[in-house]
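Visitor: Input: one structure, supplied below.
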Amino acid sequence: RPDPPESDADLVARANAGDAAAFEILYLRYRDWVTNLACRFTRGDRELALDVMQDTFMHLLRRFPGFTLTEQLKTYLSPVVRHTALAMARKQRRPSPLPERKGARGWVEHTPVETAHPRESITREHDELAALQSSLESLDAGQREVLLLRFADDLSLQEIALAMEIPLG
């Protein structure tokens, strides 16, 4: 049986001691999550999201040695991603980025397959997904992001409050 993976706190401690491999493990562990989160703020612009991901990890790297992890790493990284994405979008004179929902992490896109589902089931699923997407789009960007952090990224309410720099209530 393989050894259980090291905790983020253990990896941070190793990185603080100068172990570059520990930072690499953190990078590999969170790069996809950071990129997907950045895609929400860049309206699905994958290139810009990759730039945000790179800047986010450069920001984190500059914190070593001496970085103290007081919550989940996702909780620490979330506002960094948000601020970096908004700043990059402003520099590129793009419209204010709102989270893009098509293809964002947490959404299941249904491809109709006649042999797998009856047509009625596919139509109903498509209608339900469209209704859910419409309901989410009717919310302001902050409310939408809270829901996605909770249900797509599985952060606790406390972690969301910390990540978005808002009161818990």
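The values are calculated or read from the model by the stated rules, or taken from the named source; none is laboratory data. Remember, it's a predicted structure, so these values are computed and weren't measured experimentally. We place every Cβ from the backbone using ideal geometry, glycine too, and count neighbours over all the protein chains shown. Each accessible area value is taken on the protein alone, full model and side chains, heavy atoms only, with ligands, DNA and RNA left out. Shrake-Rupley method; radii C 1.70, N 1.55, O 1.52, S 1.80 Å.
Visitor: Go through region 125-169 and give me each residue that's over 17 Å from residue 82 (Cβ atoms), open to solvent by less than 70 Å² (accessible area, probe 1.4 Å) and touching a residue at least 40 places away in the same chain (Cβ under 8 Å).
Guide: Within region 125-169, none qualify.
Visitor: Anything in region 30-62 that is surrounded by 15 or more Cβ atoms within 10 Å (Cβ to Cβ), modelled with pLDDT of 95 or more and of a type in the set (Lys, Arg)? List them, or say none.
Guide: Result: 31, single match.
To keep it simple, each residue is scored yes or no on (1) outside any helix (DSSP H, G or I); (2) within 16 Å of residue 145 (Cβ to Cβ); (3) aromatic (Phe, Trp, Tyr).
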{"residue": "22", "(1), (2), (3)": "no, no, no"}
{"residue": "28", "(1), (2), (3)": "no, no, no"}
{"residue": "43", "(1), (2), (3)": "yes, yes, no"}
{"residue": "52", "(1), (2), (3)": "no, yes, no"}
{"residue": "58", "(1), (2), (3)": "no, no, no"}
{"residue": "67", "(1), (2), (3)": "yes, no, yes"}
{"residue": "78", "(1), (2), (3)": "no, yes, no"}
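Visitor: Between 145, 71, which is in a loop (DSSP other than H, G, I, E, B), at pLDDT 80 or above and under 30 Å from residue 26 (Cβ atoms)?
Guide: 71 is the lone residue from the list that is in a loop (DSSP other than H, G, I, E, B), at pLDDT 80 or above and under 30 Å from residue 26 (Cβ atoms).
Visitor: Can you tell me which of (1) part of a loop (DSSP other than H, G, I, E, B); (2) modelled with pLDDT under 95; (3) open to solvent by less than 80 Å² (accessible area, probe 1.4 Å) is the one residue 114 doesn't meet?
Guide: Residue 114 satisfies every listed condition except (3).
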